[in-house]
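Just below is one structure, and these are the notes that go with it.
The values are calculated or read from the model by the stated rules, or taken from the named source; none is laboratory data. The shown structure was predicted, so the numbers you read here are calculated from the model rather than taken from an experiment. Glycine also receives a Cβ, built like all others from the backbone with ideal geometry; neighbour counts cover every protein chain displayed. Protein only, heavy atoms only, side chains kept; ligands, DNA and RNA dropped before computing areas. Shrake-Rupley method; radii C 1.70, N 1.55, O 1.52, S 1.80 Å.
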Amino acid sequence: VQLQASGGGLVQAGGSLRLSCVTSGRTFSTYAMGWFRQAPGKEREFVAAISWTGGSTDYADSVKGRFTISGDNAKNTVYLQMNSLKPEDTAVYYCAADRGGWGTTRAEYEYDYWGQGTLVTVSS
């Protein structure tokens, strides 16, 4: 399974970006998907997750109400819509796929496949 993340870039505070993660190689529709991020000098942290049915989502408190995760099984793609961006959202964002389980998880070790990351920079 390969994951290709894209959509990062430079945006001013208050702006929006939409990240995409295309999955290839296996059946995407049965994988739970997650987004993580790693800011400079910090550990990677959970951002959002969506169950393989799309019926369950989870968000880190720091992004709740600003970010939305969604999936399109027909396109094998998961999205992260990021609104009201803040400088503290600056990080490399990674998508990940969990081939097991029925819900969502925040635990990195639960995810089996990872994308290469896309850089989001939010200027003040």
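Of all residues in region 66-104, those being closer than 15 Å to residue 44 by Cα and either touching a Cys at 6+ places or on another chain (Cβ under 7 Å) or surrounded by 15 or more Cβ atoms within 10 Å (Cβ to Cβ) (or both) number 8. Of the residues making up region 38-65, those that are outside any strand (DSSP E or B) and open to solvent by less than 30 Å² (accessible area, probe 1.4 Å) are 39, 51, 60, 63. Within region 86-105, being part of a loop (DSSP other than H, G, I, E, B) and either at pLDDT 95 or above or hydrophobic (A, V, I, L, M, F, W, C) (or both) holds for 86, 90, 102. Taken over region 106-119, residues that are surrounded by 20 or more Cβ atoms within 10 Å (Cβ to Cβ) and assigned to a strand (DSSP E or B) amount to 1. For region 5-37, a tally of residues being closer than 16 Å to residue 98 by Cα and either assigned to a strand (DSSP E or B) or open to solvent by 50 Å² or more (accessible area, probe 1.4 Å) (or both) returns 14. Restricting region 66-85 to residues that are part of a loop (DSSP other than H, G, I, E, B) and either aliphatic (A, V, I, L, M) or at pLDDT 95 or above (or both) leaves a set whose member that is nearest to residue 13 (Cα to Cα) is 85.
Within region 38-59, the set of residues being free of Cβ contacts under 8 Å to residues at least 40 places away in the same chain and small (Gly, Ala, Ser) comprises 41, 48, 54, 55.
Name the residues in region 51-65 that are modelled with pLDDT of 95 or more and out of contact with any helix residue (DSSP H, G or I) (no Cβ under 8 Å at 6 or more places or on another chain), would you?
Once the filter is applied, which keeps residues that are modelled with pLDDT of 95 or more and out of contact with any helix residue (DSSP H, G or I) (no Cβ under 8 Å at 6 or more places or on another chain), region 51-65 yields 57, 58, 59, 60, 61, 64, 65.
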